[in-house]
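The values are calculated or read from the model by the stated rules, or taken from the named source; none is laboratory data. What you see is a predicted model, and the numbers here were worked out from it, not measured in a lab. So basically every Cβ, Gly included, is an ideal-geometry build from the backbone, and we count neighbours across all protein chains shown. When the accessible area is computed, the model is the full protein with side chains, heavy atoms only, and any ligands, DNA or RNA have been set aside. Shrake-Rupley method; radii C 1.70, N 1.55, O 1.52, S 1.80 Å.
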Amino acid sequence: MRKIVIFLLLFFVAAFGKAQTEANCFRVYLHDKAESPFSVERPQDFLSHRAIEKRSRFGIAVLEEDLPVNPSYRSGIVAISDSIRILSVSKWMNTVTVYCPEEADLQSIMELPFVDSIRAVGFYQGMVDRVLHYQHHESSLEVGVNDTLYGVGEPQIALHNGQLLHAEGYRGEGMLIAMLDAGWTGFDESSYFQQLYENGQIWGTYNLVPGFGNDVYCGHSHGTSCASIILSSIISGWDTLVGTAPKANMVFIRTEDPDYEQLIEEDFWVNGAELADSLGADVITSSLGYTDFDGQFDYSSCDGITSLASRAATKAAHKGMVVCIAAGNDGANEWHKLSRPADAEDVLCVGAVNADSIYAPFSSCGPSFGGRVKPDVASCGWNTFVVYIWNDDENQEWHDYIVSGNGTSFATPDLAGLATCLWQALPQLNSLEVMQIIREAGHQFATPDTLLGYGIPNFYQAWLDHRTDTVISVQESYLPHSTFHLYPNPCQSTLTIENPDGVHINICIYDLMGRVMYADGDFSGEGERVLNTGNWPSGVYFARIQRRTGNAEILKFVRE
């Protein structure tokens with residue numbers, strides 16, 4: 001039984017498992033989505049505006065598999081008994097995962113005409129309803145970051161020349177990262193992260209695991225440390241740590257149960273990936289992995305197909321997200337190979353090195369079963385600096401420290417943050433293209449191996465190599481009727497942005513190479529904003545205007 005493995009120099013969190021007994025949780029496979037009230041012609045009924053905008057931008061079709069599970073099928077299952085609880089639902093896999101303690105009820109489910117098959121996935125005692133909680137804050141593009149001082153975290157950024165990408169102005173502005181993890185204990189209490197809430201960078205929290213209510217800020221601190229690698233903007237004497245995408249926005253999605261290791265957690269992971277898609281996330285970072293589940297699987301399961309989560313990870317990549325997944329920490333153990341869903345096709349499986357580019361002996365090895373290159377790339381996961389938070393129960397006080405730790409769990413967010421910045425810098429590329437140029441930027445792309453894959457990417461060089469390749473294919477607006485107006489268009493010395501409703505919006509203007517020309521995260525209550533464009537080069541520009549609800553429009557204009 002393996003859980004999240006975190007080896008810290010100053011602390012160690014040992015995951016534990018409770019003995020599995022006879023299953024009471026089951027994955028129900030459905031035949032179809034017949035007579036669904038949802039339609040691919042009305043994606044706004046089940047996808048956010050941000051998600052629709054991104055699909056429109058990259059020509060990603062809304063398919064039948066994107067339709068939510070038929071509500072009548074869900075209600076038909078729970079109508080069988082008051083004891084049945086729906087724990088997770090996957091639209092891509094067309095499954096409903098349920099708590100069903102009575103064998104007779106399980107037989108009744110199997111007899112439903114729309115049910116194809118049933119698989120046992122776990123046992124829970126003291127089941128509670130799953131509760132989703134979405135907490136939204138006003139977003140802002142401004143985060144105080146020192147341009148040159150990275151503190152103890154400098155080596156883990158400099159490994160990829162990420163500091164040079166930051167110096168060009170790319171620190172994740174306007175991008176959304178979905179982190180799938182086990183919990184963010186104390187993150188909201190830490191003084192280190194209060195500015196993230198004040199600046200509106202934490203867009204929401206979602207719990208998909210039974211037993212935690214709507215609170216992701218309890219249960220485990222693994223997510224806290226992982227998020228700190230990306231979002232930290234800590235500049236205070238010796239306590240200085242700047243993350244790999246400190247201006248990015250993030251949602252926290254709990255898909256991992258820290259008390260159990262059961263097949264049902266793959267269902268939660270799938271649910272989390274689909275949620276990230278519906279929110280319009282640009283990047284998924286997941287430092288979670290599954291291996292044998294107490295002897296149920298062997299290495300042949302790491303083929304990218306056997307695992308439900310692996311198939312979902314591939315779908316997430318094809319639906320417009322850069323997907324970064326930890327390879328695992330079994331390099332020196334009997335299992336040795338990578339974990340699932342890091343075996344998925346078209347995702348970035350991340351192995352670990354130290355800041356001197358030396359392979360970390362705990363980092364799980366490839367290839368995938370079948371011979372595909374895995375890991376894809378490597379990042380700093382050995383002596384990586386993170387924030388660790390613990391609560392002094394006696395004095396009821398939170399304590400936060402910057403400490404050094406090991407694990408592909410840390411290599412993954414280190415790389416995911418820089419992948420976020422790179423995509424911000426190259427908005428003309430789609431998710432698959434971004435991941436491919438990251439592979440190609442690896443120091444051993446021509447001779448990949450089973451330890452580091454294509455190697456350690458040089459993100460700055462990747463940007464230089466692709467910054468002028470193609471023109472962004474963006475429509476005038478992703479809405480039939482734009483709420484905002486830009487004039488004159490073409491413009492010369494000034495550009496007026498009209499905000500007729502006076503709503504709170506963020507504005508980010510970038511050129512064809514993805515360079516940010518103007519950013520303002522506090523435009524509200526005004527009818528218009530006049531920008532001085534007199535010093536801008538002639539050419540085509542794009543204005544991304546984001547509402548506080550997360551909906552956005554992209555408008556094109558020309559500076560003569």
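Among residues other than residue 345 with Cβ under 15 Å from its Cβ, the summed charge is +3 (Lys and Arg +1, Asp and Glu -1). Amide H to amide H distances under 5 Å link residue 89 with 97, where only residues 5 or more positions off or on other chains count and H is placed in the peptide plane.
Each peptide in 222-230, 537-545 gets a packing score, the mean of other Cβ atoms within 10 Å over its residues, and the list from highest to lowest is 222-230, 537-545.
Surface composition of segment 397-451: carbon and sulfur make up 53 percent of the accessible area, probe 1.4 Å. Net charge in the neighbourhood of residue 406 (other residues with Cβ under 15 Å of its Cβ; Lys, Arg +1, Asp, Glu -1) is -3.
Where in segment 181-284 are there chymotrypsin sites (Phe, Trp or Tyr not before Pro) that are in a DSSP coil and have at most 12 other Cβ atoms within 10 angstrom of their Cβ?
Answer by residue number: 238.
Coupling constants for segment 367-375 follow from the phi torsions by the Karplus curve (6.51 cos²θ - 1.76 cosθ + 1.60, θ = phi - 60°), and in residue order they are x, 5, 5, x, x, 5, 4, 8, x Hz; glycine and proline get x. Shape analysis of segment 255-399 places it in the rounded category; the axes a ≥ b ≥ c from the Cα gyration tensor give an a/c below 1.5. When each of the peptides 45-52, 27-34 is scored by how many other beta carbons lie within 10 Å of its residues on average, the order from highest to lowest is 45-52, 27-34.
Suppose R0 equals 45 Å; then what is the FRET efficiency for residue 483 and residue 447 from their Cβ-Cβ distance, rounded to the nearest 0.05? Walk me through the intermediate numbers first.
On the way: r = 52 Å, r/R0 = 1.15.
E(calc), rounded to 0.05, equals 0.30.
Pairs exceeding 30 Å between alpha-carbon atoms, taken from 54/374; 33/247; 91/556; 54/91: 33/247; 91/556. The accessible area of residue 491, taken with all protein chains in place and a 1.4 Å probe, comes to roughly 0 Å².
The GluC sites (Glu not before Pro) of segment 16-114 meeting both criteria, a DSSP state outside H, G, I, E and B (loop) and at most 13 other C-beta atoms within 10 angstrom of the site's C-beta, are 22, 35, 41, 102, 111. Only protein heavy atoms count here; under a 1.4 Å probe, residue 493 has an accessible surface of about 70 Å². Ranked by the mean number of other Cβ atoms within 10 Å of their residues, highest first, the peptides 365-371, 165-171 come out as 165-171, 365-371. Size descriptors for segment 184-286: radius of gyration and Dmax over Cα atoms are 14.1, 45 Å.
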